[in-house]
1. Would you be able to tell me the number of residues in segment A:200-225 that are more than 9 Å from chain B (Cβ to nearest Cβ) and more than 22 Å from A:Pro170 (Cα to Cα)?
2. Give me the pairs, please: first residue somewhere in segment B:94-113 and touching a residue at least 24 places away in the same chain (Cβ under 8 Å) and surrounded by 13 or more Cβ atoms within 10 Å (Cβ to Cβ), second residue anywhere and of a type in the set (D, E, K, R) and not in a helix (DSSP H, G or I), beta-carbon distance under 7 Å, and either six or more positions apart or on two chains.
3. Is it true that A:Asp172 is away from chain B (no Cβ under 14 Å), in a loop (DSSP other than H, G, I, E, B), acidic (Asp, Glu) and out of contact with any Ser or Thr (no Cβ under 7 Å at 6 or more places or on another chain)?
4. I'd like the full set of residues that are of a type in the set (Val, Ile, Thr) and surrounded by 24 or more Cβ atoms within 10 Å (Cβ to Cβ), limited to segment A:131-149.
5. Among the candidates A:Glu107, A:Glu87, single out the residue that is more than 15 Å from A:Ile125 (Cα to Cα) and more than 20 Å from the chain's Cα centre (by Cα).
6. Would you please name the residue that is surrounded by the fewest Cβ atoms within 10 Å (Cβ to Cβ), looking only at residues in segment A:6-57 that are small (Gly, Ala, Ser) and under 20 Å from the mean Cα position of the chain (by Cα)?
7. Could you tell me whether any residue of segment A:132-146 is hydrophobic (A, V, I, L, M, F, W, C), within 14 Å of chain B (Cβ to nearest Cβ) and under 19 Å from A:Leu350 (Cβ atoms)?
8. Which pairs have Cβ atoms under 6 Å, sit 6 or more apart or on different chains, and link a residue in segment B:64-90 that is more than 11 Å from chain A (Cβ to nearest Cβ) to one that is among the β-branched types (Val, Ile, Thr)?
Amino acid sequence: MVQAPAAMDPLAVLDERLKTVTRVMTSKAPIAQTPKELVWTLNKAKLYRYVPAVPEKDRHRIPLLLIFALMNRPYILDLRPGHSFVEYLVGQGFDVYLLDWGVPGPEDKHLKLDDYSLEYMPRAIRKIKALSGVEEVSVLGWCIGAILTTIYAALRPDDGLRNLILLTAPLDFSQKAKLTFGRMTDEKYFDVDKVLATFGNMPPEMIDYGAKALKPVENYIGNYLKLWDNLDNAQIVENWHAMNTWVSDNIPMAGAAFRQLIVDLYRNNRLMTGELVIRGERVDLSQLQANLLTVIAEGDHITPPCQSETLLAKVGSRDKEVYRVHGGHIGIMAGNSAHKRTWPHIERWLAPRSN
Amino acid sequence: MTEAEAGPTTPPDPTEAFRELRDGYLEIWSKNLIETVNSEDYAKASGAALDGFLAVAAPFKEPTEKAMLKMLQQLNMPTSADFMGLAGRFTNVELLLDNLDAKLDRIEALLKVETSAHASAPKAATKTKQKKQTTLRADGTSKRTTAAKPVRRNARKVTR
């Protein structure tokens, strides 16, 4: 930590600190800086291809598609230069694509998990195959993105999906006592149809409140104290600024998809019991054949480990692995130690399977 | 630890003790609140609060929407329903364009395969085939496949 000069006026120091706090709390940090090009769109969804940083002969053959959750912006994967998972992958020679779901408007309230996993995803993957000239693809799904990719992988096993990486995947909802969200959205207390009849889509403020309420002291007090305590450390301040920009940039979730998440998954655990029906097709997890890596965050309060652990016993993949990492739901990929643990592990697992 | 090991440039921080006390207090508070949030009582209370909000908000929603619709219609202006319908139609057009894009990609791939197969065939065989095709073309019953041009995909690249 940089020490303030002894002769410096304490009021001037305080003034400087307050100016820094005001700046990082009221402005948006420059984020998602890795060069990319827009290659495909459908409705609000956009598919980006990151500009390769490695000569073609040194690149991995199979492209990688990144899919994030529906209620947050995907640029957490490309937070800021020097602290970006996307930048890291591009530097390691991967042909990286990102599917940004966009912001659903009132006209998209009918969009279901069915549409995302069987309309948008297959079309985006077809486009990736056409652009890269390769008939196989790897997909990384994070949080609800992991639900969508799992559904897609189980329903379309012959679509060229070679490698599947799931990050903090909420798939098993059987252990209700460990799921705070499950309790909050129980049918006794939460009328999902009434909420959606009023709002159409699930408002971002309600989703944000639900997530932050799980750890109220950390999110509403500890987070700001961390900033105040480290105001002399420029790197921590800039990281905080970027993360705060992402955390406060919430988007609504399409009403019908939110209803499926609550009714089919949280309340009835239909994916794990083999009862989930997507566009008339029953999702059978034993049909999932792709090489599988599941990353579990041991300190995850949003998706506890019990929600991801049981998947491996259900899938038909022969090559499957669980990687447990110390950290929280977002921290394992965007925290300060992500580039030392999670990113290199994913790279080491994916690289030999991408040629 | 001796003074020399501690380093002469590190003065004692008077706020350190306060910070430790504060962090300890917050940790206890955090554990208690997490337990509270994770209880049936909290779920019941938050559900009741949400119901109360919806009970207040819902009765105003329908009349407001109806009044707005009527006003926009009287002013001969498009309503939100019109925009939503338009957005749906745009998405359908996009889907059709994407289907066309997929078909063009398939055609392009087939043309590439055919062209490369043709190029790798022995010269003699190619000559014979070309002769045969030319003959057929003269009869007006066939076209030379090698003459097919790749489909132009990007409108901006088309030469005027």
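1. Qualifying residue count for the region: 4.
2. If the second residue must be of a type in the set (D, E, K, R) and not in a helix (DSSP H, G or I), the pairs left are B:Leu104/B:Arg153.
3. Numbers: away from chain B (no Cβ under 14 Å): yes; in a loop (DSSP other than H, G, I, E, B): yes; acidic (Asp, Glu): yes; out of contact with any Ser or Thr (no Cβ under 7 Å at 6 or more places or on another chain): no.
No, not satisfied.
4. Here is the first cut: in segment A:131-149, the residues of a type in the set (Val, Ile, Thr) are A:134, A:137, A:139, A:144, A:147, A:149.
A:Val137, A:Val139, A:Ile144, A:Ile147, A:Thr149 - these are the residues of segment A:131-149 that are of a type in the set (Val, Ile, Thr) and surrounded by 24 or more Cβ atoms within 10 Å (Cβ to Cβ).
5. Details: A:Glu87 fails: more than 20 Å from the chain's Cα centre (by Cα).
Just one listed residue meets the conditions, A:Glu107.
6. Taking segment A:6-57 as the starting set, the residues that turn out to be small (Gly, Ala, Ser) are A:6-7, A:12, A:27, A:29, A:32, A:45, A:53.
Next cut, under 20 Å from the mean Cα position of the chain (by Cα) only: A:29, A:32, A:45.
Values: A:Ala29: 17, A:Ala32: 20, A:Ala45: 20.
Checking each candidate, the answer is A:Ala29.
7. Taking segment A:132-146 and keeping what is hydrophobic (A, V, I, L, M, F, W, C), we get A:134, A:137, A:139-140, A:142-144, A:146.
Now narrow it down to the ones that are within 14 Å of chain B (Cβ to nearest Cβ): A:134.
Then drop every residue that is not under 19 Å from A:Leu350 (Cβ atoms), which leaves A:134.
Yes.
8. From segment B:64-90, the pairs are B:Leu69/B:Thr79; B:Leu72/B:Thr79.
The values are calculated or read from the model by the stated rules, or taken from the named source; none is laboratory data. Every value quoted in this text rests on a predicted model; they were computed, and no experiment measured them. Cβ: placed from backbone, ideal geometry, glycine included. Neighbour counts: every protein chain shown.
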